[in-house]
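A short write-up of the structure that comes next.
Since every read-out is calculated from the coordinates, none of them should be taken as a lab result. All values reported here derive from a predicted model rather than from experimental measurement. All Cβ positions, glycine included, derive from the backbone under ideal geometry; neighbour counts span all protein chains shown.
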Amino acid sequence: MNLLELARRRKTVRKFEKRIPNIEDIKYAVSVAKEAPSGKNDQPWLFILLSNDREKAKIREICERGEKDFYENAKGELRNWLEKLGFTWEKPFLSEAPFLLFVYSYVKSPFAKESVWLSIGYLLLALEERGLATVTYTPSDPKEVSSYIGLPREYRLEVILPIGYPADPKPKYERKKLEDVFQIR
Ligand SMILES: Cc1cc2nc3c(=O)[nH]c(=O)nc-3n(C[C@H](O)[C@H](O)[C@H](O)COP(=O)(O)O)c2cc1C
C-alpha cells in the first residue's frame with residue numbers, strides 16, 4: 001500500500017479490540033517516527049510505552065478529572081461540536097486500549113513542539129501500515145499526567161496515543177478537496 005492509500009485509510013479510533021498487538025509493531029512505528037526532521041536536528045522526542053492495567057486505570061482517572069472541568073467550561077461552537085459527535089468527559093479508551101504511548105517534547109530544543117508533532121504524523125502512518133490504530137488524545141491537564149509519569153519539567157507531554165487493533169465503526173471524516181487547499185501560482 002502506498003503512502004496516499006495509507007493516509008486515506010487512516011482514521012481516528014476510540015474503540016479497540018482486546019487482542020494485544022505485537023510490541024515489535026509499536027517499535028517499528030517509533031523507529032519510523034524518530035526519522036522525522038527536527039529543529040537543529042535536536043530530535044526532541046521521547047516515547048514512553050505503558051501496558052500495565054493498574055497504571056492505565058490511574059491515567060484514565062487523572063485524565064477524566066481534567067476532562068470534567070473542560071466539558072463544564074466548553075462553550076459555543078466547541079460545545080455544539082462535542083455534543084454533535086457524542087463526546088463526553090469519559091475516556092474509556094485510556095484503560096481499554098492494550099497500550100498507551102506517551103509522546104513528550106524536550107522544551108529546550110528549538111521548535112520542539114513542531115518537530116514532535118511531525119514525528120507523531122509519521123508514527124500514525126506507520127501504525128496504520130501495521131494494521132494498528134490510535135487516537136491523538138491531548139489531555140486537558142497534561143501536567144497532572146506528567147507528574148504521575150515522573151519526568152523532569154523540561155519534558156512536556158504532547159499526546160497520549162492509545163494503541164490497539166481498531167474496533168470503532170466510526171467513519172473516516174471527510175477531507176477538503178485538493179483544489180480547495182492547494183494553489184499553484
Ligand atoms: C492535535 C490534535 C489533537 C487532538 N485531540 C484529540 C483529543 O484530545 N481527543 C480526541 O478524541 N480526539 C482528538 N483528536 C482527533 C481529531 O478529533 C480527529 O483527528 C479529527 O476529528 C479527524 O478525524 P479522523 O482522524 O478520523 O479523520 C486530535 C487530533 C489532533 C491532530
inquiry  = Scan the range 53-62 and tell me whether some residue there is within 16 Å of the ligand (Cβ to nearest atom), closer than 26 Å to TYR173 by Cβ, under 17 Å from the mean Cα position of the chain (by Cα) and not hydrophobic (A, V, I, L, M, F, W, C).
reply    = yes
message = Given the criterion β-branched (Val, Ile, Thr), over 14 Å from the mean Cα position of the chain (by Cα) and away from the ligand (no atom under 16 Å from the Cβ), identify the matching residue among ILE20, ILE48.
response = ILE20
note = Within the range 43-64, of all residues that are in a helix (DSSP H, G or I) and among the β-branched types (Val, Ile, Thr), the one surrounded by the fewest Cβ atoms within 10 Å (Cβ to Cβ) is ILE62
request  = Report, by residue number, each residue of the range 83-95 that is near the ligand (Cβ under 10 Å from one of its atoms) and more than 18 Å from the chain's Cα centre (by Cα).
outcome  = LEU85
ask   = Looking at (1) assigned to a loop (DSSP other than H, G, I, E, B); (2) within 12 Å of the ligand (Cβ to nearest atom); (3) charged (D, E, K, R), which is the one condition that is false for GLU67?
value = (1)
request  = Taking the residues in the range 166-185 that are surrounded by 10 or more Cβ atoms within 10 Å (Cβ to Cβ) and under 18 Å from the mean Cα position of the chain (by Cα) as candidates, determine which candidate is farthest from the ligand (Cβ to nearest atom).
outcome  = ALA167
note = Within the range 132-185, residues farther than 21 Å from ALA7 by Cβ and among the basic types (Lys, Arg) come out as LYS143, ARG153, ARG156, ARG185
query = Which is free of Cβ contacts under 8 Å to residues at least 24 places away in the same chain and farther than 24 Å from ILE20 by Cα, of LYS177, LYS108?
reply = LYS177
task = Tell me which residues, restricted to the range 136-165, are farther than 21 Å from ASP69 by Cα and within 12 Å of the ligand (Cβ to nearest atom).
result = LEU161, PRO162
